[in-house]
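The values are calculated or read from the model by the stated rules, or taken from the named source; none is laboratory data. Everything numeric here is computed off the predicted structure, so don't read it as measured data. Positions of Cβ are generated from backbone atoms using ideal geometry, with glycine treated the same way; all protein chains shown enter the neighbour counts. Just the protein is used for accessible areas: all its heavy atoms, side chains included, with ligands, DNA and RNA removed. Shrake-Rupley method; radii C 1.70, N 1.55, O 1.52, S 1.80 Å.
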Amino acid sequence: MGSSLATIGTVKPLAVVVGAGPNGLTAAARLAVSGWRVEVLERSGEVGGAASTQKLHDATLVDLGAACHPFGAASPAFRALRLEDYGVRWLRAPYEMAHPLDGSAAVLASSLEETAAGLGADGKAWERLHRPVVEHIDDLLEDVLAPMPRLPRHPVALARFGARGLWPATALGRAAFRTEEARALFAGSATHAITSPARPFTGAFGLLFGALGMTRGWPVAEGGSGAVTAALARIVEERGGQVRRGEEVRALPDADAVIVNLPPKQVLPLDGTSLPARRSRSMRRWRYGPGVHKVDFLLDAPVPWADARVGKAATVHVGGSADEIVRAEREVARGVMPERPFVMAAQQYAADPPRGLVLWTYAHVPHGYQERRPGEVAEKITKQIERFAPGFRAVVKDKIETPPRELEAWNPNLVGGDIAGGAMDGAQLLLRQPHRLRKGLYMASSSTAPGAGVHGMPGWWAAEAALRDFGATPRR
């Protein structure tokens, strides 16, 4: 590796970033802003990875990966890089999130007070549980989005959060709330961990996702999620960096620092990694989690939800009661496709109408799940939505299905349809892969801390590790 470049007079260090998803591009932008020479190599013909947007023949926009971005709007990395100056505009729907139930619904509003007011008998309990997180959201994000282990910058706020977050979300919900509406609203947010909300630590997901919605929102990016990665690429190129598309990487490039936006399965086969034996063993043992089966429904009219408030939310958790969600997630973990899967849905048109009428959805499915018959999962998703939106089938004019195998073929980082870069349970929830694999080789995928999401923080921390190795002072 050409580490001597960094020490030759005024020659700037060279970084090569493998993968032009949000994490790879954040790493590239961070280093480009610090004066490094930067090259980004992307295997596909377009940048974006899991934050890409496709325009259909009728100008309708479909997000190919991530849809709504609670962490994007709150990301310290995106704030430091000033993405808004490069065209990113965050748009919010009238409600941040909704959770329909049989005969009722619960909604997450843009403030703690408005959300609590809509939860009736559980309003005060909701406010008591979430207020410490809401009031210290920026302090908590600074610690929660940092690599582990690290001494917390805000230990008191983090300790109060952790005392509740250690609980399983369902146990915390039962202890705090009396109504199914509040319990389901909390459990749905916790299921962003892509594991059963009855597992330990999922209370932290419920608290954090709820607090983000009631402070920073669960917005969409105007014009599609691809606007985020396009802005990051623009920063790199304006600072003299190169973003090269259609570049398949099979061996580590010659550079001072190579940053791979890849999960362990994709890193290990690369020639030239020269990893320590202990790190190689850890990467071979890395577990991948459940997959998702994505279905985009192209609509003639908005979804006819039984509760009109659900139609005004950008994100909808379709899973029924908290107990139903637990049952579905446990079946997925056992390798069984549930009859009533947990479905994540996004109505970006509620915040960004010019995109067109698309209901973006995915169901949690077993890792690498192959359907028993064509259309099996799409039909189960349809039934779940129809359950809470009678007449839904009548407004669907077409659909685009992407099962786990096709997701991985499109983006090899999505191993078996796992969109989290590795199972988010047990030790892997807290102890992700390190950003620094060795001097000169760094990892920036969601397999590293703080995990999945379009926030760029794995890339930010990988870039910080490279800056420390080559004598640069990290900028806050």
Scan of segment 275-309 for residues that are assigned to a loop (DSSP other than H, G, I, E, B), closer than 30 Å to Arg405 by Cβ and aromatic (Phe, Trp, Tyr), ordered by number: Trp286, Tyr288
Flag for Ala452 being in a loop (DSSP other than H, G, I, E, B), under 16 Å from Arg285 (Cα atoms) and among the aliphatic types (A, V, I, L, M): no
One residue from Ala59, Ala80, Ala109, Ala32 being under 29 Å from Arg234 (Cα atoms) and under 22 Å from the mean Cα position of the chain (by Cα): Ala80
Residue match in segment 332-349 (condition: open to solvent by less than 20 Å² (accessible area, probe 1.4 Å) and among the hydroxyl-bearing types (Ser, Thr, Tyr)): no
Residue check, Ala146 open to solvent by less than 50 Å² (accessible area, probe 1.4 Å), farther than 13 Å from Leu207 by Cβ and hydrophobic (A, V, I, L, M, F, W, C): yes
Any hit, segment 149-167, residues being part of a loop (DSSP other than H, G, I, E, B), of a type in the set (Phe, Trp, Tyr) and on the phi < 0 side of the Ramachandran plot: yes
Odd one out for Arg387 among (1) farther than 23 Å from Gly291 by Cα; (2) among the charged types (D, E, K, R); (3) in a strand (DSSP E or B): (3)
Qualifying residue in segment 151-171 (condition: among the polar types (S, T, N, Q), open to solvent by 10 Å² or more (accessible area, probe 1.4 Å) and farther than 23 Å from Ala452 by Cβ): no
Residues located in segment 82-118, provided they are more than 24 Å from Pro304 (Cβ to Cβ), of a type in the set (A, V, I, L, M) and surrounded by 14 or more Cβ atoms within 10 Å (Cβ to Cβ): Leu83, Val88, Leu112, Ala116
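Per-residue answers, yes or no, for (1) under 19 Å from the mean Cα position of the chain (by Cα); (2) among the aliphatic types (A, V, I, L, M):
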{"position": "Pro70", "(1), (2)": "yes, no"}
{"position": "Asp85", "(1), (2)": "no, no"}
{"position": "Tyr95", "(1), (2)": "no, no"}
{"position": "Glu113", "(1), (2)": "no, no"}
{"position": "Ala116", "(1), (2)": "no, yes"}
{"position": "Leu119", "(1), (2)": "no, yes"}
Close pairs (8 angstrom Cβ cut-off, 6 or more residues apart or separate chains): part of a loop (DSSP other than H, G, I, E, B) in segment 97-111, open to solvent by 10 Å² or more (accessible area, probe 1.4 Å) and of a type in the set (Ser, Thr, Tyr) anywhere: Ala109/Tyr95; Ser110/Tyr95
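Quick one: which of Glu376, Glu331 is free of Cβ contacts under 8 Å to residues at least 60 places away in the same chain and more than 17 Å from Thr191 (Cα to Cα)?
Sole residue among the options that is free of Cβ contacts under 8 Å to residues at least 60 places away in the same chain and more than 17 Å from Thr191 (Cα to Cα): Glu376.
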Failed item in (1) touching a Pro at 6+ places or on another chain (Cβ under 8 Å); (2) within 19 Å of Val249 (Cβ to Cβ); (3) buried (at least 24 other Cβ atoms within 10 Å of the Cβ), with Glu39 passing the rest: (3)
Search result, residues across segment 422-451 that are of a type outside the set (Lys, Arg) and free of Cβ contacts under 8 Å to residues at least 40 places away in the same chain: Gly426, Ala427, Gly451
Cross-chain or 6+ apart pairs with Cβ under 6 Å, segment 1-26 first and β-branched (Val, Ile, Thr), then modelled with pLDDT of 50 or more and open to solvent by 10 Å² or more (accessible area, probe 1.4 Å): Val16/Glu39; Val16/Pro253; Val18/Leu41; Val18/Val249; Thr26/Trp460
Residue that is modelled with the highest pLDDT, among those in segment 402-424 that are surrounded by fewer than 24 Cβ atoms within 10 Å (Cβ to Cβ) and in contact with a Lys or Arg (Cβ under 6 Å, 6 or more places away or on another chain): Thr402
Residue count for segment 35-66, restricted to those that are part of a strand (DSSP E or B) and within 13 Å of Arg355 (Cα to Cα): 6
Index of the failed condition, Ala193 passing every other in (1) surrounded by fewer than 20 Cβ atoms within 10 Å (Cβ to Cβ); (2) under 23 Å from Pro290 (Cβ atoms): (1)
Residues within segment 436-449 that are over 24 Å from Thr53 (Cα atoms) and part of a loop (DSSP other than H, G, I, E, B), tallied: 3
Residue in segment 73-81 that is part of a helix (DSSP H, G or I), surrounded by fewer than 19 Cβ atoms within 10 Å (Cβ to Cβ) and hydrophobic (A, V, I, L, M, F, W, C) present: yes
